[in-house]
Amino acid sequence: MTATAAEQNDLTPRSGHARRWVILGVICLAQLTVLLDNTVLNVAIPSLTADLHASTADVQWMINAYALVQSGLVLTAGSAADRYGRKRMLVAGLALFGVGSLAAGLAQSSGQLIAARAGMGVGGALLMTTTLAVVVQIFDDTERVKAIGIWSTVSSLGFAAGPLIGGAMLDHFWWGAIFLINIPVAVIGLVAVVRLVPESRNPHGDRPDLVGALLSTLGMASVVYAIISGPEHGWGSGPVLLTAFAGVAVLTGFVLWELHVPYPMLDMRFFRDQRFTGAVAGAILVAFGMTGSLFLLTQHLQFVLGYEPLEAGLRTAPLALTVVALNLTGLGALLVGKLGTPAVIAAGMGLLAAGLGAIALLGGRDYGGMLLGLLVMGAGVALAMPAMANAIMSAIPPEKAGVGAGVNGTLAEFGNGLGVAVLGAVLNSRFAALVPGVAGAASLPAALAAADGAADRERITDAFASGLETSQLVGAAAVLAGGLLAAVLLRRAERTEAAEYPR
């Protein structure tokens, strides 16, 4: 299969598509809808439990079916978009997401809702990869960083707005409305994509790598399932370890297969590019620091500072709002143009590390110190994330943009899970070490329930706060080290490229 001349022109735009900013708005709307559904269901748990008579396991699968299917298919979806057409996959993703939302909103049982959420996850995987791939296609080098910055802003906005929108809707409507609201967005998106977005695909027409697609999907789904179930079942439990081992084994098989197949879904030679490797390392650790920190902060705000869940959610919003505000100003793109990608990534991850440190040292008993840390973290994420996404996409040939977007999405999922797992483990270890004589020391609520008097409860709360501080400092050190590593690799790659292709 070969691309038409028009399609090949769309692959390498010289000055960007004429309607590129309108198209960016359309795909960002689709992206926002997908991201909202990662968090919006959390606030509906009490309603779902009552109306559908859902058990705890049912509720967990309602939430996790979406994330599990989406993360498992994201790399395969990117490869399919490259081969069969990014516009075509974007249309398919919107259609599947809309149909899945309709089924979810009208579900009459837990099983129906879980199945609908899984279907939405398939559509979400197609949308997550094709939106970034289309951005790369329609913007030239001079505007791409700014466009990716706006695209990244949507991720932060989706994270912040999901629980708030869900809570507001549940105050006036039944729980199905949080899904049905997706349908008009999907319809508008479909019409706009069909009319505005140009088609583009890999002009070389590689044969589909079906074995690679199967291995990557099974491997990623297994690893993500282990990460999701780890906090509930325990990281050392048999099911978690078995699933994680199976996922790693299958992903190892995927790498070996991709090294030898004539038409690989993911060309492993990309990892020889220091620019790609540096950006990959940085992307994982930005997600690691941000998601791991927010996982800890929600516990800190509720268990230590005593806020209700919605109040805690509102107090973590400044992080996302700072990212949104700075990305909309185009500050990151401006600095990349003046200072270069390595310097901006180093500065962004340095700020992210500083924010984590500020939360650890100043936010223990006072929200003012935590707010300062959140604002600094937001500034760091706003600088680092678009620069790293652009570095990853720039290191991959334009005809492989879908695979590049899949890699970017996969790294985000991996970093998110790694942050929760590692920083959560540090917290639990430190907490248990500080209150060794208290029953249920692996859990703050259990330890408080077993406490003997107010003084003992205060000692337990102080130990938990100390564990949170240690975890945040570990996260800060990891992010700072990752930022320096990414900057060094990217700078070295730039020097190598300049030496090989002198101007």
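The values are calculated or read from the model by the stated rules, or taken from the named source; none is laboratory data. These numbers come from a predicted model, not from an experiment. For neighbour counting, all protein chains shown are included, and Cβ atoms are generated from backbone atoms with ideal geometry for every residue, glycine included. These area figures cover heavy atoms from the full protein model, side chains too; ligands, DNA and RNA do not enter into them. Shrake-Rupley method; radii C 1.70, N 1.55, O 1.52, S 1.80 Å.
What are the extents of the Cα atoms of the stretch 215-325 along their three principal axes, in Å, largest first?
Ordered largest first, the stretch 215-325 gives principal extents of 57, 40, 17 Å.
Strictly greater than 25 Å: what percent of every Cα pair in the stretch 69-193 meets that?
Here the long-distance tail beyond 25 Å is 28 percent of all Cα pairs in the stretch 69-193.
Sorted by packing (mean other beta-carbon atoms within 10 Å per residue), highest first, where do 255-265, 474-484 land?
Sorting 255-265, 474-484 by mean packing, highest first, produces 474-484, 255-265.
Considering only protein heavy atoms, what is the solvent-accessible area of ARG459 at a probe of 1.4 Å, reported in Å² to the nearest 10?
Accessible area, nearest 10 Å²: 110 Å².
Averaged per residue, what accessible surface does the stretch 273-346 expose to a 1.4 Å probe, in Å²?
Accessible area per residue: 38 Å².
Bin width 10 Å, origin at 0, all Cα-Cα pairs of the stretch 46-138: what percent of pairs per bin?
Pair shares across the bins are 19, 42, 24, 12, 2.
Calculate the radius of gyration of the Cα atoms of the stretch 317-388 to one decimal place, then report Dmax, the largest Cα-Cα distance, as a whole number, both in Å.
12.3, 41
May I ask for the net charge around ALA333, where only other residues with Cβ less than 15 Å from the Cβ of ALA333 are counted and Lys, Arg are +1 while Asp, Glu are -1?
That works out to +1.
For the full complex of protein chains and a 1.4 angstrom probe, list HIS172, HIS233 by accessible area with the highest value first.
The most accessible residue leads, giving HIS172, HIS233.
Sort 386-392, 244-250 for me by packing, meaning the mean count of neighbouring Cβ atoms within 10 Å per residue, highest on top.
The most tightly packed comes first, giving 386-392, 244-250.
If I stretch the segment between VAL187 and LEU106 completely, what's the gain in nm (0.36 nm per residue apart, minus their alpha carbon distance), one decimal?
My answer for the length gained is 27.4 nm.
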